[in-house]
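Quick notes on the structure that follows.
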Amino acid sequence: MDAGFPGGTMRSGRGERGQILIVVVLAMLALLGVAAFAIDVGYAYYAKRQLQSATDAAALAGAQDLPTAAIATATAASYAAANTPSNLTFDFTYQTACTNTSVISTGCNPNVNPNQLTVTGHSSTNTWFAQLFGLDHFDVRTHANACSPCKANPVDVVVVIDRTGSMCSPTGAGGTCTDLDNAKDGVRTMLGILNPPYAQVGMVAFPPVQSTATSPCAGAYNSLGGNGFDGYDTATRGYVTDAINGTFKTGGVLDPASGLYLHTVDGPATSCIQAGGNTSYSEALRQAQTELDTNGRPNVPDFIVFLTDGEANIGSVYGAADPNYPQNNADDRQPCHTAVNVASAEKAAGTTIYSIGYALGSSVYCTAGDFHMKNAQGNWVACTLPTAGCYHYASNTLESPAITSFAALSQIASPGNFYNKPAAGQLNTIFAAIATDIGSGSSRLVEDGF
């Protein structure tokens with residue numbers, strides 16, 4: 001027993017102090033190691049963020065040049081280089097493909113006309129402190145998919161086709177209506193590009209077609225009052241030839257049994273739509289919007305594609321028996337201005353309208369409509385409906401204020417959506433451009449497997 005410490009001995013704290021010092025040193029080394037490791041990891045994370053930004057920018061920029069794969073890849077490479085920081089080294093690879101979901105279906109081939117570009121980025125960052133743990137670098141990888149056109153949102157479209165008498169003048173070989181056949185060919189081109197069920201399409205013909213209970217096809221047009229005159233009886237006529245539907249394709253090709261196919265068959269003998277009658281813009285536009293409202297899908301963007309080859313020269317003639325469209329109203333007195341007003345209201349409600357002027361000419365003025373009948377002496381005199389023998393006809397009186405069909409069509413269209421075909425000829429290119437525009441949207445980044 002040590003003196004001065006009764007009942008026991010005094011222990012030295014020097015050994016414990018030494019042990020604590022070792023623990024503190026080891027803890028500090030561990031903390032420094034973690035901090036150092038975090039610096040290397042943080043730098044790798046910074047590199048990945050920069051790499052992802054460069055990858056996204058390259059994919060979006062390159063997609064703007066699809067479907068030409070070579071140009072899209074070159075553009076993407078240029079943007080990738082421009083977005084690579086000077087203190088990092090990035091490597092990129094590029095691959096084109098076809099999206100699985102799209103409003104348009106153009107027989108996409110990833111090597112010919114792809115609509116998706118995938119950019120994959122890689123970078124390797126050196127380490128300093130992580131080498132203590134045997135890690136001399138970190139690999140970071142990113143990728144981005146962008147497509148154009150790749151709009152997946154569904155759309156509802158109504159095509160409004162002019163089948164008036166002038167669409168069959170001149171008459172082609174074998175009695176074919178060359179102009180009307182060009183319009184039908186264009187519609188078929190559009191149908192071939194659009195892809196159901198994402199795109200659903202209906203069709204309106206003006207003037208209305210005649211049909212029977214046993215056939216959806218139009219019968220031969222009967223101008224009740226002779227050339228240029230139209231009766232008001234709507235019992236066997238209807239504007240809508242096909243309600244909006246997504247059944248016009250089977251296995252990616254047009255279904256020959258579908259109404260939209262039958263209504264766009266060339267030739268007067270077999271066609272469901274034949275030429276005849278006068279030109280009324282306003283009621284055709286109303287009927288197209290009614291079809292979108294009635295059979296279109298809720299919260300789906302609405303589109304009208306309106307084609308005509310002549311100035312409006314009558315109003316809502318086939319609505320004359322309807323109290324909503326009394327005779328001699330603004331539709332008749334101002335057929336083009338009324339149509340512009342109808343289109344403006346539809347556009348204000350959210351519908352996008354494309355218009356196609358087919359060999360319109362730029363100085364053909366719209367004329368007003370009227371009602372005439374032959375009196376006992378055989379002369380044409382003014383009349384009122386529903387007097388027997390009273391017919392609607394296109395007068396030679398210019399609409400007031402004066403407006404050309406060219407101006408009317410350009411105002412009917414949404415901004416930038418007026419297509420003018422100055423001379424008769426094929427319309428496939430215009431309809432293809434409209435279909436692509438409807439289905440494309442802007443290029444955008446998409447998830448894998450889109």
Checked segment 41-68 for anything open to solvent by less than 40 Å² (accessible area, probe 1.4 Å) and of a type in the set (Val, Ile, Thr); matches are Thr55
Residues of segment 397-446 being of a type in the set (Gly, Ala, Ser) and not in a helix (DSSP H, G or I), in sequence order, are Ser400, Ala402, Ala413, Ser414, Gly416, Ala423, Ala424, Gly425, Gly441, Ser442, Ser443
For segment 368-421 the number of residues that are of a type outside the set (Ser, Thr, Tyr) and open to solvent by less than 70 Å² (accessible area, probe 1.4 Å) is 28
Scanning segment 189-208 residue by residue, those within 13 Å of Ala433 (Cα to Cα) and of a type outside the set (Gly, Ala, Ser) turn out to be Thr189, Met190, Leu191, Ile193, Leu194
Worksheet item: What do you reckon, is Val159 in a strand (DSSP E or B) and modelled with pLDDT of 90 or more?
Response: yes
### Task
Take Thr234 and decide whether it is in a loop (DSSP other than H, G, I, E, B), of a type in the set (S, T, N, Q) and at pLDDT 90 or above.
no
Subset of segment 361-413, residues farther than 28 Å from Ala423 by Cβ, among the aromatic types (Phe, Trp, Tyr) and touching a Leu at 6+ places or on another chain (Cβ under 9 Å), comes to Phe371, Tyr391
Selection from segment 167-192 of residues buried (at least 19 other Cβ atoms within 10 Å of the Cβ) and at pLDDT below 85 yields Cys168, Cys177
Taking segment 69-91 and keeping only residues that are surrounded by fewer than 16 Cβ atoms within 10 Å (Cβ to Cβ) and either closer than 19 Å to Ser124 by Cα or touching a residue at least 40 places away in the same chain (Cβ under 8 Å) (or both), one is left with Ala81, Ala82, Pro85, Ser86, Asn87, Thr89, Asp91
Going residue by residue through segment 108-127, is there one that turns out to be modelled with pLDDT under 90, assigned to a strand (DSSP E or B), loosely packed, with under 13 Cβ neighbours inside 10 Å and at negative phi? yes
If we keep only residues of segment 386-426 that are modelled with pLDDT under 80 and of a type in the set (Ser, Thr, Tyr), then the residue farthest from Ala183 (Cα to Cα) is Thr387
If we take segment 342-393, then strands (runs of 3 or more DSSP E) inside it with 2 or more residues that are more than 18 Å from Thr308 (Cβ to Cβ) are 367-374, 380-382
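The values are calculated or read from the model by the stated rules, or taken from the named source; none is laboratory data. Values in this document were obtained by computation on a predicted structure and should not be read as measured data. Methodologically, a virtual Cβ is constructed for each residue, glycine included, from the backbone with ideal geometry; neighbour enumeration extends over all protein chains shown. Just so you know, the surface numbers come from the protein's heavy atoms only, side chains and all, with ligands and any DNA or RNA stripped out. Shrake-Rupley method; radii C 1.70, N 1.55, O 1.52, S 1.80 Å.
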